[in-house]
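Q: I'd like to ask you about the structure that follows.
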Amino acid sequence: DLTLDDIRKVMLFNTVNELQAFATTMASHFRPVSKKIVKGKPRSINKLFPQPKKKLKLLHRFLQRKFPPHPNVHGGSLRHSCFTSARQHLNKKFLVTRDIKDCYPSITLFHLFSVFKQLEFLKDVAEVLAQLMTVNGCVPLGSPISSDALNIMLTDSDQRISSEAGKRNLNYTRT
């Protein structure tokens with residue numbers, strides 16, 4: 001049901017061609033990559049210029065309303081946080097955590113395009129959304145819609161894990 005015109009309106013572009021031009025030049029909307037050390041590991045942080053950041057924030061709010069993440073997702077989800085996730089696990093005997101190595105950069109434009117097509121998005125919409133969510137072929141750290149890309153990519157996994165956890169009377173959250 002989602003069209004390029006819907007995305008154009010949300011992001012306040014005058015034409016679909018402007019939207020497509022913006023999407024195909026995502027790397028130009030970011031300042032050069034900076035390195036940040038997080039827990040001893042260098043991470044590349046992509047800093048958006050202010051105007052493109054405003055447009056992507058509009059898209060983020062739209063995606064959160066139109067395609068809310070799985071209820072057990074607490075990262076990049078409205079009214080959820082690492083704190084709401086932690087509350088789910090208070091007073092539990094065991095806690096198991098897992099980390100996806102290089103999570104955001106491991107999601108490619110092709111992965112996103114494929115997921116959007118599986119979700120039956122129109123080809124042009126899948127292509128533009130995948131382009132908007134990636135820089136130089138992968139999801140960047142530092143974009144307002146990076147968490148949306150991750151949440152969409154992991155929707156099926158969240159459902160499967162949540163279902164299995166529920167059968168075993170376990171709590172599952174993802175941040």
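Q: Quick check: pseudo-label points 7 Å beyond the Cα along Cα→Cβ at Asp5 and Arg31, how many nm apart are they?
A: 3.9
Q: Stretched out fully, how many nm does the piece from Asn169 to Phe94 gain, at 0.36 nm a residue minus the Cα gap?
A: Residue separation times 0.36 nm, minus the Cα-Cα distance, leaves 25.8 nm.
Q: Of the DSSP beta bridges with both residues in the chain, give the percent that are antiparallel, rounding to the nearest 5.
A: Working: 8 of 9 bridges.
Taking every DSSP beta bridge with both residues in the chain, the antiparallel ones total about 90 percent.
Q: Continuing with the same structure: Restricting things to alpha carbons, find the Rg to Rh ratio for the range 68-116 using the Kirkwood radius for Rh.
A: Taking Rg over the Kirkwood Rh, I get 1.06.
Q: Using 7 Å Cα-to-Cβ label points, what is the Lys39/Arg65 separation (nm, one decimal)?
A: 3.5
Q: Hey, can you grab everything whose amide H is under 5 Å from the amide H of Arg43? Only 5+ residues off in sequence or another chain; H modelled, so Pro and N-termini drop out.
A: It is Lys36, Ile37, Val38, by chain and number.
Q: I've got another one for you. Taking all protein chains in place and a 1.4 Å probe, what share, in percent, of the accessible surface of the range 5-94 do carbon and sulfur account for?
A: Answer for the range 5-94: carbon and sulfur cover 56 percent of the accessible area.
Q: Also: Could you work out the local net charge near Glu18, counting Lys and Arg as +1, Asp and Glu as -1, over the other residues with Cβ closer than 11 Å to its Cβ? Write out the running numbers ahead of the final one.
A: Working: positive: Arg8, Lys55; negative: none.
Around Glu18, the charge tally is +2.
Q: Mind checking the range 44-121 for chymotrypsin sites (Phe, Trp or Tyr not before Pro) that DSSP puts in a loop (not H, G, I, E or B) and that have at most 14 other Cβ atoms within 10 Å?
A: Phe94
Q: First select every other residue whose beta carbon is under 12 angstrom from the beta carbon of Tyr172; then total the charges, Lys and Arg +1, Asp and Glu -1.
A: Computed value for this residue: +4.
Q: Per residue, what accessible area does the chain have, given a 1.4 Å probe and all protein chains present, in Å²?
A: Working: 10950 Å² over 175 residues.
Solvent-accessible surface per residue comes out at 63 Å².
The values are calculated or read from the model by the stated rules, or taken from the named source; none is laboratory data. Since we're looking at a predicted model, the values are computed, not measured. Neighbour counts are summed over all protein chains in view; Cβ atoms, including those assigned to glycine, are modelled from backbone coordinates with ideal geometry. All accessible areas refer to the heavy atoms of the entire protein, side chains included, with ligands and DNA or RNA removed. Shrake-Rupley method; radii C 1.70, N 1.55, O 1.52, S 1.80 Å.
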